[in-house]
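Colleague: Here you go, one structure.
The values are calculated or read from the model by the stated rules, or taken from the named source; none is laboratory data. The shown structure was predicted, so the numbers you read here are calculated from the model rather than taken from an experiment. Because the Cβ atoms are built from the backbone with ideal geometry, glycine has one as well, and the counts that use them run over all protein chains shown. Side chains included, ligands, DNA and RNA excluded: accessible areas come from the protein's heavy atoms. Shrake-Rupley method; radii C 1.70, N 1.55, O 1.52, S 1.80 Å.
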Amino acid sequence: MLTARQNFIECITEGGTPDRMSNQFESLKMAFNPSTLHSKSPQKGELDVKNAWGVTYSFPENVPAGFPVHTADKVVIKDIEEWQKYVKAPSLDFPGEERDMFRAQYDAIDRERALATTFVAPGIFEQCHHLGEMSETLVNLAAYPDEMHDLIKYIKDYELKLAELICDKLKPDAVFHHDDWGGQKTTFMSPSMFEDYFVEPYKEVYGYYHDHGVKYVIHHSDSYAATLVPSMIEMGIDVWQGCFSTNDLPTLIKKYGGKISFMGGIENCLVDYEGWTRENIHDVVYRTIEECGSKYFIPCIAQGGSGSVFPGVYTVMGEEIDRYNIENFGCKQEDLDAARLVEEIMF
């Protein structure tokens, strides 16, 4: 039996032959970089935590994750025409002992069974609206193109410096990069506007990773973004993680498989809710796999990391994918367990 890493690679590679369904995040071992030590993020229940960019976040008890606070006194960009006055990228000049500490974490990963994967968030678009508020940012993309192009270039240059640090000091196999580009049924902007603002910056960032030893770019956007798939391919994305079932994944896989792969298909609202049941998860998992197949597709919860809002959902999803592999690929549970690392729930 292939290891989780090997099976993932066979699944997403043109001409590859996976021997079973790749199971959620089993093939990715997430790790971080020194910048995470210098930028605070709120834990559940914490309010008004300011990060290294000056963005204030809160994580109330009754919501699934932390979100930026955009009251007038806390929003960073108060005037897009003077954004340079407000936006200051944090330093990436870290002590050698911090770089060494993170490198040791990457070196300890069993790369026979998992891809050592750098986690990067937020992405370029998210950084824009975290700094400037969502609706204002969307208006600014339409009304202030020069200022937004300059802001995006500034954020892109920071991302390139971070990529240099990651590639030079940490040497991961893959990068897992967040940037949400849509809602459940549509994107936040038209494909032409998206191409105008974001394709070239991402080609630079993802091109840098690919050119400096990172084999796979996995981009998270838990959303509808079917109309952006050609742009994703141009950017150099190998796997789109988070793709909702509303994207008509069987059609996307048939049309674009071999150029890009799809990881998701099971948005949280389908399985991850109060009163969830194994029976429903079983039905959703089996239906999704049977619609999408085992090539260029990885069944996965759509959120951007292993785990779920309601405890137990992610684990049961993994068990049901294992069951499918046992029933349809002749796998044995002990072999499936041996092929992967012990899963660490991120969220």
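Colleague: Under a plain spin-label model, where a point goes 7 Å from the Cα along Cα-to-Cβ, how far apart in nm are LEU92 and LYS78?
Modeller: 2.9 nm
Colleague: Then there is this: Tell me, what is the 1.4 Å probe accessible area of GLU147, in Å² to the nearest 10?
Modeller: Approximately 50 Å² of GLU147 is accessible to the 1.4 Å probe.
Colleague: How big is the dipole moment of the chain about its Cα centre under a simple scheme where the beta carbon of each Lys and Arg is +1, that of each Asp and Glu is -1, and everything else is neutral? Debye, nearest 20, please.
Modeller: Once rounded to the nearest 20, the dipole reads 360 debye.
Colleague: Restricting to bridges with both residues inside the chain, how much of the DSSP beta-bridge set is antiparallel, in percent to the nearest 5?
Modeller: Of the beta bridges lying entirely in the chain, close to 15 percent run antiparallel.
Colleague: For segment 269-347, what does the relative contact order come out to in percent, with C-alpha contacts under 8 Å and a separation of six or more? Mind showing how you got there, number by number?
Modeller: Working: 53 pairs, mean separation 26.3, N = 79.
33 percent.
Colleague: Any lysines with Cα under 27 Å of the LYS295 Cα? List them, leaving off those in the same chain fewer than 8 positions away.
Modeller: Result set, ordered by chain and number: LYS29, LYS185, LYS203, LYS215, LYS254, LYS255, LYS259, LYS332.
Colleague: So what is the calculated 222 nm ellipticity per residue for the chain, using -39500 (n - 2.57) for each DSSP H run with n of 4 or more, over all residues, to the nearest 500 deg cm²/dmol?
Modeller: Result for the chain, helices only: -11500 deg cm²/dmol.
Colleague: If we count every other residue with Cβ under 13 angstrom of ASP180's Cβ, Lys/Arg +1 and Asp/Glu -1, where does the sum land?
Modeller: Within the 13 Å Cβ shell, the charges total -4.
Colleague: Quick check for you: with a 1.4 Å probe and neighbouring chains kept, what is the accessible area per residue of the chain, in Å²?
Modeller: Value for the chain: 44 Å² per residue.
Colleague: While we're looking at this one, here's another question. If ligands, DNA and RNA are left out, what is the accessible area of THR277 with a 1.4 Å probe, given in Å² to the nearest 10?
Modeller: Surface open to solvent at THR277 totals about 50 Å².
Colleague: (i) 61, 44, 34; (ii) 62, 44, 40; (iii) 54, 51, 45: which one is Cα extents along the principal axes in Å as calculated from this entry?
Modeller: Computed from these coordinates, Cα extents along the principal axes in Å corresponds to label (ii).
Colleague: Determine the gain in length on full extension of the stretch THR251-ASN328; use 0.36 nm per residue of separation and subtract their C-alpha separation, reporting nm with one decimal.
Modeller: Details: separation 77, 0.36 × 77 = 27.72 nm, distance 2.28 nm.
Full-extension gain reported as 25.4 nm.
Colleague: Kindly report, to the nearest 10 Å², the accessible surface of MET30 as traced by a 1.4 Å probe over protein heavy atoms only.
Modeller: 30 Å²
Colleague: Could I ask something else about it? Of the heavy-atom accessible surface of the chain (probe 1.4 angstrom), what whole percent is carbon and sulfur? Show your work: numbers first, answer last.
Modeller: Values: 7620 of 15130 Å².
On the chain, the fraction of accessible area on carbon and sulfur atoms equals 50 percent.
Colleague: Which far-off residues, 5 or more places away or on another chain, put their amide H under 5 Å from the one on GLY182, with H placed in the peptide plane?
Modeller: PHE188
Colleague: For a protection proxy built on the mean count of beta-carbon atoms within 10 angstrom, sort 68-78, 197-207 highest first, please. All intermediate terms of the calculation are to be shown ahead of the outcome.
Modeller: Working: 68-78: 15.9, 197-207: 19.8.
Order by mean packing, descending: 197-207, 68-78.
Colleague: Now for a different question. Once the convex hull of the alpha carbons of segment 154-302 is built, what does its volume come to per residue, in cubic angstrom?
Modeller: On the way: hull volume 18.2 nm³, N = 149.
Enclosed volume per residue, from the Cα hull, is 122 Å³.
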